[in-house]
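The block underneath contains the structure these notes are about, expressed in structure tokens.
Taken together, the values in this text are just the output of simple stated rules run on the coordinates, not laboratory data. Just so it is clear, the structure is predicted and the values come from calculations on it, not from any experiment. Here the Cβ is made from the backbone with ideal geometry for all residues, glycine too, and neighbour counts use every protein chain on show.
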Amino acid sequence: AGGMLALGSSPWRALTPVRGWLSEPSPDPDALEQLVAPVHELVRNSRDALSLADRAAELPFDAFPAGTEYSYRMASVGALSELITARTLSLSHSGDADAAVDSIISGLQIRRALRDAPWMAPSGHQVHAVLSFTRPPPRALIRLQTALEAEEAPGRQREDFLRARADGQV
């Protein structure tokens, strides 16, 4: 449901300038306020979708079942993933380290649905932005580390390869 609400929100429009600013070797700090304003607005306008995403991220999920509306669902989850990235950047810029870490973790869990879509590049988790803009407390960093380690579970690449091979993709 959160993905359905995210469709058409075009988060990349607000995120692209901020991502460019973050990747600059010497970003102009005065330019950031103007660049991040559309991100804050996008997040304010997307509260319902983000709330649903957070609730869905708590549920177990491995993949979309065969025979479902795969492409449509993948696109909506991709848009939702971008909204979560926008929220992470917005919270980081606002200095809310705990909430930004929670947003990263929610995004990691939602992006599980995108693992089988090699054509879709899910957005990054924005750890660098959180650590650049805020100073998360130790307990938040431990939660983040645990979530990142879970994404790098031993054998996951092998499982992904075997699944792709069984589906005739490799």
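Can you work out the FRET efficiency for the pair residue 30 and residue 139, with r the C-beta to C-beta distance and R0 = 25 Å, to the nearest 0.05?
Calculated transfer efficiency: 0.15.
Which of the peptides 96-102, 78-84, 25-31, 39-45 is most tightly packed, and how do the rest follow, going by the mean number of other Cβ atoms within 10 Å of each residue?
Listed from highest to lowest mean packing, they are 78-84, 96-102, 39-45, 25-31.
For the stretch 6-55, take N as its residue count and report Rg(C-alpha) divided by 2.2 N^0.38 Å.
1.31
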